[in-house]
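Below is one structure, written out as structure tokens; comments come after it.
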Amino acid sequence: MTNINLDQTLVLIKPDALILSLTGYVLTQLSEFHTGLRIAGTKVVNVNRMLAEEHYAEHRGKVFYPSLLEYIMGKIHYPNVPSKRRVKAIVYQGPGAVEKIRGIAGPTNPHNARDQKPGCIRSLGTVIPLKNEKGEIIGERMDNLVHASATKEEAEREIKLWFRPNDIPPGIRVYATQQSDGHFYYKEDRIYTTYVAGSICVFAPGDIVWETDLQTLHAVQQNKPTPCSLHSVVAKYLINEKCEDD
Ligand code: CDP
Ligand code: MG
């Protein structure tokens, strides 16, 4: 079932908010009473590298990118305790979901947030200087407590990246789904339709999957251009499969 007129957005409560015990504060700021939005799906995620890289793919190559991956994977805030590394991912639905939550989150840079919008969530964040091996400052990382999708298109990409269809109740699912028509196994950047040693089963016949994910795997098999990257399909099936402690 699809309900394409329902706005939705992805929120991540990042590791800096979790270590500061700000979850309750963030949820209150985003509550239905304040925003008119409702939660459609939620999960606790030990963020694997593939998921981190896909989520922040637009920032690949930027000076802060490697540090940003470490941040979202929880390695900055829990360097010695891999079991504490997590992010809380939430799908919110309702009119104007993207704009409302971006507004309450505030500007990306916590310094700007404090100047321009005191009281917004990100005004409680910090900016961390990044240094090279010589100790010279080469950039900065913004620890800004929450992620919020910036556009409707970004929300669709991100919700499908973090959530499987069955993580969201069927009656309120927005994006198109299909039943998988076969087995699809993943190993080392390749897709197989029969089991090979060391592979993981991504889809089994009859599984409800995002339509674009199924189209992507079919296209990969046929060596055709894919609507999404292979990693964006697979990453959600690796979530919480094993502790990422590299
Ligand atoms: O999160 P938002 O969409 O507001 O900003 P972005 O430009 O898409 O950047 C994604 C995330 O990268 C930010 O939320 C920051 O945590 C981080 N970032 C950073 O560390 N340093 C920058 N110069 C820009 C962004
Ligand atoms: Mg962004």
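Could you list, ordered by first residue, the pairs with Cβ atoms under 6 Å in which the first is in segment 32-44 and surrounded by 18 or more Cβ atoms within 10 Å (Cβ to Cβ) and the second is outside any helix (DSSP H, G or I), at least 6 apart or interchain?
Correct list of pairs: 37/92; 37/94; 40/91; 40/93; 40/168; 41/91; 41/163; 41/168.
Taking the options 198, 182, name whichever one is open to solvent by 10 Å² or more (accessible area, probe 1.4 Å), more than 16 Å from ligand 2 (Cβ to nearest atom) and either touching a residue at least 40 places away in the same chain (Cβ under 8 Å) or touching a strand residue (DSSP E or B) at 6+ places or on another chain (Cβ under 6 Å) (or both).
198
For segment 99-110, which residues satisfy the criterion of being assigned to a helix (DSSP H, G or I) and open to solvent by 30 Å² or more (accessible area, probe 1.4 Å)?
99, 100, 102, 104
Every residue in segment 111-134 that is open to solvent by less than 90 Å² (accessible area, probe 1.4 Å) and either touching a Cys at 6+ places or on another chain (Cβ under 7 Å) or under 15 Å from residue 64 (Cα atoms) (or both), please.
113, 126, 127, 128, 129, 130, 132
Filtering segment 92-129 down to residues that are among the hydrophobic types (A, V, I, L, M, F, W, C) and touching a Pro at 6+ places or on another chain (Cβ under 9 Å), which residue is farthest from ligand 1 (Cβ to nearest atom)?
Just the residues of segment 92-129 that are among the hydrophobic types (A, V, I, L, M, F, W, C), to begin with: 97-98, 101, 104-105, 113, 120-121, 124, 127-128.
Adding the requirement that they be touching a Pro at 6+ places or on another chain (Cβ under 9 Å) leaves 113, 120, 124, 127.
On the way: 113: 10, 120: 11, 124: 13, 127: 8 Å.
Among them, the one singled out is 124.
When you scan segment 153-175, how many residues do you find that are loosely packed, with under 15 Cβ neighbours inside 10 Å and away from ligand 2 (no atom under 16 Å from the Cβ)?
4
This table checks each residue for (1) more than 18 Å from residue 91 (Cα to Cα); (2) out of contact with any Ser or Thr (no Cβ under 7 Å at 6 or more places or on another chain); (3) within 16 Å of ligand 2 (Cβ to nearest atom).
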residue	(1), (2), (3)
29	no, yes, no
33	no, yes, no
36	no, yes, no
51	no, yes, yes
65	yes, yes, yes
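With a cut-off of at least 1 residues that are touching a Leu at 6+ places or on another chain (Cβ under 9 Å), of a type in the set (Val, Ile, Thr) and under 20 Å from residue 104 (Cα atoms), name the helices (runs of 4 or more DSSP H) lying wholly within segment 16-86.
23-29
The values are calculated or read from the model by the stated rules, or taken from the named source; none is laboratory data. Nothing here was measured: the structure is a model prediction, and the numbers come from that model. Here the Cβ is made from the backbone with ideal geometry for all residues, glycine too, and neighbour counts use every protein chain on show. What goes into the accessible areas is simple: the full protein's heavy atoms, side chains included, and nothing from ligands, DNA or RNA. Shrake-Rupley method; radii C 1.70, N 1.55, O 1.52, S 1.80 Å.
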